[in-house]
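Okay, structure first, notes after.
The values are calculated or read from the model by the stated rules, or taken from the named source; none is laboratory data. Predicted model, so just to flag it, every value in this text is computed and none were measured. Here the Cβ is made from the backbone with ideal geometry for all residues, glycine too, and neighbour counts use every protein chain on show. To get the accessible areas, we keep the full protein, side chains included, count just its heavy atoms, and leave off ligands, DNA and RNA. Shrake-Rupley method; radii C 1.70, N 1.55, O 1.52, S 1.80 Å.
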Amino acid sequence: MAQTLPLCLLITCLLLIPSSQIQQEQEAFTTIVISQQGLDFLKNLLITQAISSIIPLKLPNITKTAKFPFLGNVHMLLSNITIYQLQVLDSYVKPGDTGLAIVASGTTCNLSMDWSYEYSTWLYPVEISDKGHASVEVEGMEVGLTLGLKNQEGTLKLSLMDCGCYVKDISIKLDGGASWFYQGMINAFEEQIGSAVENAITQNLGEGILKLDLFLQSLPKEIPVDDDASINVTFVDNPSLSNSSVGFDINGLFTARKKVPIPMYYYENTLPSVLCTEPTKMLGISLDVAVFNSASALYYDAKFMQWIVDKIPDQSLLNTAGWRFIVPQLYKKYPNDDMNMNLSLSSPPILRISEHNLDATVYADLIIDVLEADQVIPVACISLVIRGSGSVGIAGNNLVGSVKLNDFSMSLKWSNIGNLRMYLIQPLMWTLIQTVFVPQANAHLAKGFPLPIIHGFTVQNAEIIFSRSKITVCGDVEFRESASGPL
């Protein structure tokens, strides 16, 4: 009975979750495409990171016993075998139907090692030995691996589907002892040294891919924006691979950081495509208008879109004396009393994206308060419909923006001081919106929100493209290794 209780609670919770919420968590509103140039950049970065992580690489000792005429059995040992340098002259990455193929050709590596031998013969009943140091150069080595990518419960799963290393030529140079005499003897180790190098490189690549997979699995499913909001970066569906790019779909919607019940809004999923005007750009991120509308809905539900204004550039307008010719009855009833403006949105702002513009429509209520003694007295409420247009830009890895006022309309919602002549109030409202509310909105928009990019990478040379219902950011990327270490 005790074991069935948690199951019952889980089923109950699932039944209480709105179906629209479950559906939206499984839909994609942001698409990320890495072009061939971006894949080449990541390939070079991974090769550099792989070399720095495995060098120096110590190989197991190699022993060999060979029988020579007149000498008998000679026991030979190679020890302290270390790869201390690895260079990749040429490489390429190619997406395919099953995964990503990465091939490094013309690779060279340099090894150092100690050598020794010992033998005894019937001619001389004493043990004869020698030792020295050797340097090894491996040329024409080819390394290849195929990586599989798939979505695993909202995270990116990386698997090593195939891996191989082939050594073509080995050159061994001995120093110390009678090395000139025993060079041919040591050359007999070429095959074993080549095999040891191949096995070590293959094994370390496998371990490196496992670490990279663990890193990808540990990436958060939400990116914090501020104290109120996060961005859902859960992967949706498996990555899409073409012959020159890899695409990822993520949810991309804003979610509340404080898990409180909020109304659900339906966002139409148009699954944004990524179209960059410059094919040389490494990265393209396409954001559906639903992402921006989810942000406006979240901040609206969090009661964030409310302002009480008690300071404005023309402070005389926050005293009834400044309204005596506009609303005489206000001044007559409350002479020379201070005022404030209480602005609150009546619904989430509505954003629309077209080929050339980002437009926003804001529905708000402006309550005029009179401050008399210790009382705040609401005297009138004006409904506003504010229409503006916006622009967006990139600051670091944040998408930032600004808005400007195009026009607005207004109507009297209620009044405790009689009828108001709205045509006289309209210029005053325009001044308040233009000088107070628009700058406040722009101060928040200038902070922006983070793009779904892994920590350590920075967008460079960004281009922003408007299309129907989506905004696309195209750019190159730069990697800066953090203090905590490489990927």
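Descriptive notes on the structure:
- Sites residue 404 and residue 222, calculated FRET efficiency, Cβ-Cβ separation with R0 35 Å, nearest 0.05: 0.65
- Built amide H within the under 5 Å cut-off of residue 393, gap 5+: 400, 401
- Degrees between helix 289-301 axis and first principal axis of the chain (Cα, 0 to 90, nearest 10): 60 degrees
- Taking each residue as 0.36 nm, the span from residue 376 to residue 421 lengthens on full extension beyond its C-alpha to C-alpha distance by 13.9 nm.
- Residue-normalised accessible area of the chain, expressed per residue, 1.4 Å probe, Å²: 53 Å²
- Start at zero, step by 10 Å, and the Cα-Cα distances of the stretch 97-171 spread as 15, 23, 20, 17, 13, 7, 4, 0 percent across the bins.
- Measuring against 25 Å, Cα to Cα, the residue pairs 150/447; 94/168; 58/131; 281/404 contain 150/447; 281/404 as the ones spanning a longer distance.
- Given 14 as the ceiling on other Cβ atoms within 10 Å, longest exposed-site-free region of the chain for GluC sites (Glu not before Pro) in DSSP loops: 1-126
- Relative compactness, the chain, computed as alpha-carbon Rg over 2.2 N^0.38 Å: 1.51
- Backbone phi angles across the stretch 59-64, fed through the Karplus curve with coefficients 6.51, -1.76 and 1.60 (θ = phi - 60°), yield HN-Hα couplings of 9, x, 4, 10, 10, 7 Hz in residue order; Gly and Pro are listed as x.
- Spacing of the two label points (7 Å from each Cα toward its C-beta) at residue 87 and residue 316, in nm: 7.9 nm
- Multiplying the residue separation of residue 325 and residue 105 by 0.36 nm and subtracting their alpha-carbon distance yields 70.8 nm.
- The chain - percent relative contact order, Cα under 8 Å, separation 6 or more: 13 percent
- Förster radius 30 Å - calculated FRET efficiency between residue 159 and residue 26 (Cβ-Cβ, nearest 0.05): 0.85
- Calculated log₁₀ intensity ratio I(q)/I(0) where the Debye formula runs over C-alpha points of the stretch 400-484, q = 0.23, 0.26 Å⁻¹: -1.17, -1.27
- Rounded to the nearest 20, the Cβ-based charge dipole of the stretch 339-487 about its Cα centre (Lys and Arg +1, Asp and Glu -1) stands at 320 debye.
- Taking amide H positions as modeled 1.01 Å from N, with prolines and chain starts lacking one, the residues under 5 Å from residue 319 and 5 or more places away or on another chain are 339.
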